[in-house]
Structures are given as structure tokens and as C-alpha cells.
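Peer 1: Please read through the structure below; I'll follow up with questions.
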Amino acid sequence: MKFRPLHDRVVIRRAEGDLKSKGGIIIPDTAKEMPQEGEVIAVGPGSRDESGKLVPLDVKAGDFILFGKWCGTEVRIDGKDLLIMKEADIMGIVEKTEVATKKAA
């Protein structure tokens with residue numbers, strides 16, 4: 001199924017949470033805190049201003065973002081757990097730096 005959000009809504013795939021604590025204890029799904037970051041999967045065309053002109057969104061598919069703890073609506077599309085939220089609920093875009101990329105490798 002293809003899904004296209006409307007207006008200023010954004011579809012987000014939440015980042016994976018830690019499976020183990022720093023001490024090596026495995027954390028069950030029910031006790032895990034949901035991450036407040038994720039990747040933008042799809043964006044709507046934008047919202048309209050007072051004159052009716054279309055204002056495009058600042059985020060685009062592929063951006064890695066931070067959002068509020070209780071923001072968005074959880075949905076399941078094609079067997080994947082996703083979030084749909086308004087662009088106003090997004091706090092910012094995380095820029096990946098070379099240092100962070102080298103640490104991940």
C-alpha cells in the first residue's frame with residue numbers, strides 16, 4: 001500500500017531503542033522507553049497561508065529528526081509501526097557529522 005500524508009503531516013519511522021542497558025541487562029519491550037528520534041519516510045505537500053498560497057515543509061524524506069515525547073499518532077502500514085504527526089511537532093533535524101559516522105562504523 002502506498003501512503004501519502006496530507007497538508008503539513010509527516011510520516012516517521014521511530015529509531016530503534018536500546019535492547020541492553022549499559023550494564024548488559026536485556027530490557028524487555030514493555031520497559032523500554034520509546035526514542036524521541038526517527039527518520040522521515042514521507043511528507044505532505046505543505047500547509048496554506050492566509051492568502052491560500054502553498055507553503056512547503058522544511059523537512060523531506062530521509063531527514064533524521066527529533067520530536068516531542070507524546071507527539072504523533074501511531075499507525076501500522078504494511079506491517080511497519082510508524083508515526084504520523086504535524087510538522088509543528090518536530091523540534092529539529094539532526095545533521096549527521098563525519099565524527100558520528102566514524103563512531104558508528
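Peer 1: Cβ-Cβ below 6 Å, separation at least six or inter-chain, first residue in the stretch 77-105 and exposed (fewer than 10 other Cβ atoms within 10 Å of the Cβ), second modelled with pLDDT under 90: which pairs?
Peer 2: Short answer, once both residue conditions are applied: Asp78/Met1.
Peer 1: When only residues in the stretch 2-43 that are touching an Asp or Glu at 6+ places or on another chain (Cβ under 6 Å) and not in a strand (DSSP E or B) count, which is modelled with the lowest pLDDT?
Peer 2: Step by step, filter the stretch 2-43, then rank; the result is Ala15.
The values are calculated or read from the model by the stated rules, or taken from the named source; none is laboratory data. Every value quoted in this text rests on a predicted model; they were computed, and no experiment measured them. With ideal geometry, Cβ positions are generated from the backbone for all residues, glycine too; neighbour counts draw on all protein chains shown.
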